[in-house]
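Right, one structure below, let's go through it.
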Amino acid sequence: MDTEPKPTTGLSLTDSGGREMLQSSLSDYVAFLRKQPAVCGTPEQQETLIKHVAQGHELIKLVAAERLKITRQLDKQKHDWMEIEKEMTAPILAAMQPLKDAVEHYNRELLRVREHQQAEAARQTALTEPGQTTWLMPDVALVAKPKGVHMKWTFNIVDPNQVPNGYWIIDEGAIKADIANGVRDIPGVRIYEEAITTFRR
């Protein structure tokens, strides 16, 4: 079996040419892995393969660490600016709120009138027999929807007991938490042990 390459570089992505040299080292390791037989039939082979995979994980951590050297400061600057942004925009949002509330109130009232008109029109249509003249019941034009308002179907639950089973979501987080706390029998759930291999050198 080939000898392992030395994957550690000590190079930084911020150094001139550092990224290219780090990429070259990673590519060498990928080429090395691709030459290894993916065969695991003995304890020795298992130990060797685990060692190779563990080394790959270390390289992945190395790349992440190099990225953090660059992005950690940027993340702090972003967080600081977001706090400043909140301070700067909070007065604008507070000043706009009464105007938004007034528009929302106006829109709700107009839509209430429109809904009443639609219900009345439907009632009149139901009372009118087919082919009968409706000159005594003139059509009333519906109030137009307020500018900037679009209608969207939505919902709220009025009686959870009547909601069909297909709309319920299994709370996997609660199941995992109970299993972690020792529960081994939940109706409708198969609880079993799963083998997880840890790749460590």
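The values are calculated or read from the model by the stated rules, or taken from the named source; none is laboratory data. All of these numbers come straight from a predicted model, not from anything done at the bench. All Cβ positions, even for glycine, are placed from backbone atoms using ideal geometry, and neighbour counts span all protein chains on display. Side chains are part of the model used for accessible areas, which takes the heavy atoms of the whole protein and leaves out ligands, DNA and RNA. Shrake-Rupley method; radii C 1.70, N 1.55, O 1.52, S 1.80 Å.
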Legend entry - Subset of segment 30-54 that is more than 15 Å from residue 197 (Cα to Cα) and part of a helix (DSSP H, G or I) - its residue that is least open to solvent (accessible area, probe 1.4 Å): 32
Inset, instruction - Look through segment 55-72, keep the residues that are at pLDDT 90 or above and open to solvent by 70 Å² or more (accessible area, probe 1.4 Å), and return whichever of them is nearest to residue 15 (Cα to Cα). - result: 72
Legend entry - Enumeration of residues in segment 112-159 that are open to solvent by less than 80 Å² (accessible area, probe 1.4 Å) and modelled with pLDDT of 90 or more: 113, 159
Inset, instruction - Might you check whether a residue that is within 30 Å of residue 56 (Cβ to Cβ) and either open to solvent by 100 Å² or more (accessible area, probe 1.4 Å) or assigned to a loop (DSSP other than H, G, I, E, B) (or both) occurs anywhere in segment 174-192? - result: yes
